[in-house]
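Here is the structure we will look at, set down as structure tokens.
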2 protein chains.
Amino acid sequence: VPAYVYSIARIREKIDALRSPLAKRAIDSKIFYAMKANRHEGILIDLARDGHVGIDCCSPAEISRALKSGFRESQITFTGTGVSDADVRVLADHPGVLVNCDSISQIRKMARACVGRSIGVRVNTGLGVSYGDSEQFSYAGTKATKFGVFREQFGEALDVATKGGLRVVGIHCHSGWGIANTQLTSYAAILRELRTFTDRVADLEYLNLGGGFGVRLKESDAPLDIDRFVSAIDDHFGSLGVPIYFEPGDYVVKDAGVLILQVTAIETKRDCVFVYVNGGHNLNVEAAHYGLTHPIVPLTLRSGSLSSVTVAGNINEAIDLFAEDIEMPKIEEGDFVAVLHAGGYGASMSSNHCMRGAFTEWLI
Amino acid sequence: VPAYVYSIARIREKIDALRSPLAKRAIDSKIFYAMKANRHEGILIDLARDGHVGIDCCSPAEISRALKSGFRESQITFTGTGVSDADVRVLADHPGVLVNCDSISQIRKMARACVGRSIGVRVNTGLGVSYGDSEQFSYAGTKATKFGVFREQFGEALDVATKGGLRVVGIHCHSGWGIANTQLTSYAAILRELRTFTDRVADLEYLNLGGGFGVRLKESDAPLDIDRFVSAIDDHFGSLGVPIYFEPGDYVVKDAGVLILQVTAIETKRDCVFVYVNGGHNLNVEAAHYGLTHPIVPLTLRSGSLSSVTVAGNINEAIDLFAEDIEMPKIEEGDFVAVLHAGGYGASMSSNHCMRGAFTEWLI
């Protein structure tokens, strides 16, 4: 401890939770797990063994790791941003990897290094959905974001690809993070808008809808009803005649992982009861840097009533708090706590700030 | 590239910038560099060689690194938070390290493991100053923060120490980050309040004022006038008769380091010119996660007028922007840019998010 513990059973369950409703409606589809959410080798090896799950990478090092974990090139998609010539040289070395180009400049780079290749174009509908409608998690919206090709430049993108000897065969669109039921109406508008892109691709072989499916973080969050989500997709693209790809990351791993920490001290300072733990925001940045709240539960059961506490980490920064003013059952120094929903973007974004970066990872 | 480049000359200059006005006023003082800002080994070795600079650590691993870099135990202070029994066992192994206790529970732990030891108590005046008066960087304020012992519990802290066989010989107070000229009045109030703590310590051997001295981040920032700052300290504590300790971190290294990145693409999307670079917020979190702006300058000079650009990283997150809508001279793909003022809390907080965490460090 500190230790991240992941449940492979829950991960498989989440994959199935997305795959089953798609199968039920006979939607030709494929899931590419977004490695950036959690690159723990045991998870990757298990997903590769499934045989029907692909993997989405966003950097050359992620491609190497995917291959090492047992994925074949044909099961790998690459969806990067700010892609460099050095990145593209690696893509050239892996001709079987399906590349979604994020910009016209990336298409130009691909044309130079990978002539003859089939590519996807990541598009930006100018519409986005995000957790709590926050701008922080919005990958598209009224303000131009760095991702994808907007509609008015899409013709140029197709043109640059064709002239450069590339075949555009896919449309990719990632619309945000934390898509919830309440946003299904906005999401339907995105699907409608996407049609204006897919209709312009003569050789369309797939539509990739990215990830961002909401995971319940706090009790008041309405969990995404995947059936309704899939039904919306079926309505818009059931007749498209090409497979639909998905890139779930957090949706697969978020609630399949916990971060276990030990209570080092409990001390009241002014009107606040601080429960100090032996890890900090360098191990999981979501509370301190994204304002996301994770439920935190004690792993030792003691009788006693709930009281309001603030859970503080061991990093010398004022923002290093896992949770403020949450209700917690009686807890004592030496007890262990679990930070729930810590399976995604936890270990993968961890740092050695204050040289308190050591932790272990367990796959059960 | 990506590469962090640090100037040892600038680091020495900044140490002197603090040391000289202290010497001029014959203030008995010592500087303990806060390692958490930048733990690059070359920097640590150079500071250790100086002989007159100590080092402040906040974790057991930082103590090991300080010793390995040439600091003796007597030159090391430890100021941690959420300190565990495991941490205290390491402190027991290093009896020469001067420990500033952050809480009454830490004093209890120290009493169990290090009986007879002289300690400092980190106090919380309930007053804080911070960059732009932001709450994010405030280490003390109206809301109780996790750091230090408040006045109403200070008597208990002294009592626990004495009964536990510890000698309280120091007062430690860190008041924030980004202390600027405009905050010298607030800072004077903190110094006044601190007097109520120092007056209660019979065996006082030092007063440690922490760090947090402002560094100019953008042109409109008023740089801290160290002479005025030192003069305020002299006014309040010149007659105290014990040495004053300081723990500058960012002040020493921030503007002694730059992050060099290469432009991978320039592309206009809607009304925004994106300059993409081959690094992301995982290499320097300050813009994305702390809202701090760093000047970014091209390293290739080209004729042409300024234009407004957004500098975007290569991480698949919407917030991964180094700067939005800044004026930049003409720049082309393949050019190098320097993110200025990147010497503190850059490399030390970096992560391998998206497996794009590789960078080099150079000390010149």
Run down A:Ser220, A:Ser239, A:Ser130 and say which single residue is within 30 Å of A:Val339 (Cβ to Cβ), hydroxyl-bearing (Ser, Thr, Tyr) and surrounded by fewer than 19 Cβ atoms within 10 Å (Cβ to Cβ). A:Ser220
Odd one out for A:Ile119 among (1) among the hydrophobic types (A, V, I, L, M, F, W, C); (2) in a helix (DSSP H, G or I); (3) away from chain B (no Cβ under 14 Å): (2)
Out of B:Ser231, B:Ser220, which single residue is out of contact with any strand residue (DSSP E or B) (no Cβ under 9 Å at 6 or more places or on another chain), part of a loop (DSSP other than H, G, I, E, B), more than 14 Å from chain A (Cβ to nearest Cβ) and over 27 Å from B:Arg39 (Cβ atoms)? B:Ser220
Just for region A:246-266: of the residues that are in contact with a Ser or Thr (Cβ under 6 Å, 6 or more places away or on another chain) and closer than 18 Å to A:Glu317 by Cβ, which one is surrounded by the fewest Cβ atoms within 10 Å (Cβ to Cβ)? A:Ala265
Report yes if some residue within region A:296-303 is buried (at least 18 other Cβ atoms within 10 Å of the Cβ), over 16 Å from B:Cys58 (Cβ atoms), more than 8 Å from chain B (Cβ to nearest Cβ) and not charged (D, E, K, R); otherwise report no. yes
Can you tell me which residue is nearest to the other protein chains (Cβ to nearest Cβ) among those in region B:272-284 that are among the β-branched types (Val, Ile, Thr) and crowded, with 24+ Cβ neighbours inside 10 Å? B:Val277
Check A:Arg65, A:Arg117, A:Arg72 and return the single one that is under 22 Å from A:Phe147 (Cβ atoms) and of a type in the set (Lys, Arg). A:Arg117
Taking the conditions exactly as written (more than 12 Å from chain B (Cβ to nearest Cβ), in contact with a Leu (Cβ under 8 Å, 6 or more places away or on another chain) and either modelled with pLDDT under 85 or part of a helix (DSSP H, G or I) (or both)), does A:Leu194 satisfy them or not? yes
Quickly run through region B:308-334 and pick out the residues that are part of a loop (DSSP other than H, G, I, E, B) and within 13 Å of chain A (Cβ to nearest Cβ). B:Gly313, B:Asn314, B:Ile315, B:Asn316, B:Glu317, B:Ala318, B:Ile319, B:Asp320, B:Glu332, B:Glu333, B:Gly334
Checking the structure you have, find out if any residue of region A:335-349 is surrounded by fewer than 21 Cβ atoms within 10 Å (Cβ to Cβ), over 25 Å from the mean Cα position of the chain (by Cα) and not aliphatic (A, V, I, L, M). yes
Being at the interface with chain B (Cβ under 10 Å from one of its Cβ atoms) and buried (at least 22 other Cβ atoms within 10 Å of the Cβ) is the filter here, so list the residues in region A:67-86 that pass it. A:Thr79, A:Gly80, A:Thr81, A:Gly82, A:Val83, A:Ser84
B:Val97 is checked against (1) away from chain A (no Cβ under 11 Å); (2) surrounded by 15 or more Cβ atoms within 10 Å (Cβ to Cβ); (3) under 22 Å from B:Trp177 (Cα atoms); (4) in contact with a helix residue (DSSP H, G or I) (Cβ under 9 Å, 6 or more places away or on another chain) and fails just one. What number does that condition carry? (3)
Considering only residues of region A:40-66 that are within 14 Å of chain B (Cβ to nearest Cβ) and surrounded by fewer than 20 Cβ atoms within 10 Å (Cβ to Cβ), which is nearest to A:Gly343 (Cα to Cα)? A:Glu41
Mind counting the residues in region B:336-358 that are within 13 Å of another protein chain (Cβ to nearest Cβ) and either part of a loop (DSSP other than H, G, I, E, B) or out of contact with any Pro (no Cβ under 6 Å at 6 or more places or on another chain) (or both)? 16
Reported set for region A:162-209 where residues are closer than 17 Å to A:Phe246 by Cα and among the hydroxyl-bearing types (Ser, Thr, Tyr) is A:Ser175, A:Tyr187, A:Thr198, A:Tyr206
So if I check each of A:Gly51, A:Gly70, which one is modelled with pLDDT of 95 or more and at positive phi? A:Gly70
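The values are calculated or read from the model by the stated rules, or taken from the named source; none is laboratory data. As the structure is a prediction and not an experimental result, all values here were calculated from the model. In this analysis, Cβ positions are derived from the backbone assuming ideal geometry, glycine residues included, and neighbour counts consider all displayed protein chains.
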